[in-house]
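A short worksheet on the structure shown next.
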Amino acid sequence: MLIVMKSTANEEQVAAVVSAIEKHGFTAHISKGDIHTVIGAVGGKIIDFREIELLDGVEKIIKITSNYKLASRTFQPEDTIIKLKNSTIGDKELTIMAGPCSIESESQMEETTDYLSKLGIKILRGGAFKPRTSPYAFQGLGENGLKIARKAADKYGMCITSEVMDISQIPLLVDYVDILQVGARNMQNFNLLKELGHINKPVLLKRGLCSTIEEWLMSAEYIMSGGNRNVILCERGIRTFETSTRNTLDISAIPVIKKLSHLPIVADPSHASGFRDKVAPLSRACIAAGADGLIIEVHNNPEKALCDGAQSLYLEQFEELHSQLKVIAKAVGRTL
Ligand code: PEP
Ligand code: MN
């Protein structure tokens, strides 16, 4: 960290800052400029920087190192590649996860999976535990839903990603699914994240509705510090002042994450936009921006969907998008 002293700071104030940072194990490197004195603090432990910021004569603090380590590119320069039984995530080949918002019935999952598998889709999405804004809305089929999804996926050799909302659901999800999804609303449920650090299945970590990229990477760090290094980040739109779309897709998060972290990142244009007519353009943009893949809501009968029908693509629409993505993948050095 760099501590920039005020232009009016005197020698005693500089000495007080040096002694405060040395107490925390830092070594101080003082550099006297014409106007400001800057103190470089090297080494040391994690501290609350505000303690130093409050000292007399301090103008501001500039943090140099991040609080996340395991998730950072500095710690691991090469990309993390996650291995599933039928595919990899974070490799040259893009990953497309598709399926309904919620698992609703056997016929729905059978028809959807049959269609998706013919297009070469390897990962089926579908929620059995749904985080709904209203307690009166459909909450998901629970274990029964997981059974239905597993049966459909197994028939076509597909993997499943599904949301875990609570620590108590972890054993059930580990039994049935290949990737456990942490929803936007749970990104900072630290107890859940800690427990997911102890499982041996990948975790798809969605970005919180109002979370910064740093907070998101700190949440990944919670999982990774428990021993589970298989984290996939998912940009799903953030809440802004704009009301034309359900959320605002932060496409810049993709190249930012690519620089800061070695973890794979996918985008969710369905929850980001909330409308099916926006899903294809946003999907194309995310792949062009360097995402490792997408998670897209697709329904065999969106008008009858129990959840998020308006943002779910018709099967044929998904097929058309998939063929467009192949062209974009090639243009950015990826395959699909
Ligand atoms: C979902 O993917 O089903 C979901 C609820 O998404 P999010 O957590 O991003 O809102
Ligand atoms: Mn949904």
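The values are calculated or read from the model by the stated rules, or taken from the named source; none is laboratory data. Note that the structure is predicted; figures quoted are calculated from it, not measured. Glycine also receives a Cβ, built like all others from the backbone with ideal geometry; neighbour counts cover every protein chain displayed. Accessible surface areas use protein heavy atoms only, side chains included; no ligands, DNA or RNA. Shrake-Rupley method; radii C 1.70, N 1.55, O 1.52, S 1.80 Å.
Quick rundown of the values:
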item: Matching residues, segment 193-214, being part of a helix (DSSP H, G or I) and crowded, with 24+ Cβ neighbours inside 10 Å; result: 193, 196
item: Test: residue 25 is in contact (Cβ under 8 Å) with a residue 24 or more places away in the chain and within 22 Å of residue 68 (Cβ to Cβ); result: no
item: Verdict on residue 114 being surrounded by 13 or more Cβ atoms within 10 Å (Cβ to Cβ), in a helix (DSSP H, G or I) and modelled with pLDDT of 95 or more; result: yes
item: Given (1) under 30 Å from residue 69 (Cα atoms); (2) free of Cβ contacts under 8 Å to residues at least 60 places away in the same chain; (3) open to solvent by less than 30 Å² (accessible area, probe 1.4 Å), index of the condition residue 273 fails; result: (1)
item: Residue selected from segment 251-280 under the condition among the small types (Gly, Ala, Ser) and in a loop (DSSP other than H, G, I, E, B), by the criterion nearest to residue 220 (Cα to Cα); result: 252
item: Breaking point among (1) over 13 Å from the mean Cα position of the chain (by Cα); (2) within 16 Å of ligand 1 (Cβ to nearest atom); (3) in contact (Cβ under 8 Å) with a residue 60 or more places away in the chain; (4) part of a helix (DSSP H, G or I), for residue 220; result: (1)
item: Long-range neighbours under 9 Å by Cβ, at least six apart or interchain, first residue touching a residue at least 60 places away in the same chain (Cβ under 8 Å) within segment 39-66, second among the charged types (D, E, K, R); result: 61/50; 61/53; 66/214
item: Top-ranked residue of segment 238-266 - restricted to ones that are within 11 Å of ligand 1 (Cβ to nearest atom) and either open to solvent by less than 10 Å² (accessible area, probe 1.4 Å) or under 21 Å from residue 318 (Cβ atoms) (or both), ranked as nearest to the chain's Cα centre (by Cα); result: 247
item: Pair list, Cβ under 9 Å, 6 or more apart: segment 301-326 residue open to solvent by less than 60 Å² (accessible area, probe 1.4 Å) and of a type outside the set (Val, Ile, Thr), other residue modelled with pLDDT under 95 and more than 10 Å from ligand 2 (Cβ to nearest atom); result: 307/137; 307/138
item: Selection count, segment 119-176, where residues are part of a helix (DSSP H, G or I) and surrounded by fewer than 23 Cβ atoms within 10 Å (Cβ to Cβ); result: 18
item: Residue that is farthest from residue 138 (Cα to Cα) [pool: residues in segment 307-336 that are over 24 Å from the mean Cα position of the chain (by Cα) and not charged (D, E, K, R)]; result: 331
item: Subset of segment 143-164 that is over 23 Å from residue 293 (Cα atoms) and in contact (Cβ under 8 Å) with a residue 24 or more places away in the chain - its residue that is nearest to the chain's Cα centre (by Cα); result: 146
item: Given (1) within 17 Å of residue 335 (Cβ to Cβ); (2) touching a strand residue (DSSP E or B) at 6+ places or on another chain (Cβ under 7 Å); (3) part of a loop (DSSP other than H, G, I, E, B), index of the condition residue 85 fails; result: (1)
item: Residue match in segment 83-98 (condition: under 30 Å from residue 137 (Cβ atoms), more than 16 Å from ligand 2 (Cβ to nearest atom) and open to solvent by less than 30 Å² (accessible area, probe 1.4 Å)); result: yes
item: Tabulated pairs, segment 1-21, first in contact (Cβ under 8 Å) with a residue 60 or more places away in the chain, second loosely packed, with under 15 Cβ neighbours inside 10 Å and assigned to a strand (DSSP E or B), C-beta under 7 angstrom, 6+ apart or interchain; result: 1/62; 2/62
item: Subset tally (residues that are part of a loop (DSSP other than H, G, I, E, B) and either over 16 Å from residue 26 (Cα atoms) or among the small types (Gly, Ala, Ser) (or both)) for segment 36-66; result: 7
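One line per residue, one yes/no per condition, for (1) part of a loop (DSSP other than H, G, I, E, B); (2) farther than 29 Å from residue 217 by Cβ:
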{"residue": "282", "(1), (2)": "no, no"}
{"residue": "286", "(1), (2)": "no, no"}
{"residue": "290", "(1), (2)": "yes, no"}
{"residue": "303", "(1), (2)": "no, yes"}
{"residue": "318", "(1), (2)": "no, yes"}
{"residue": "326", "(1), (2)": "no, yes"}
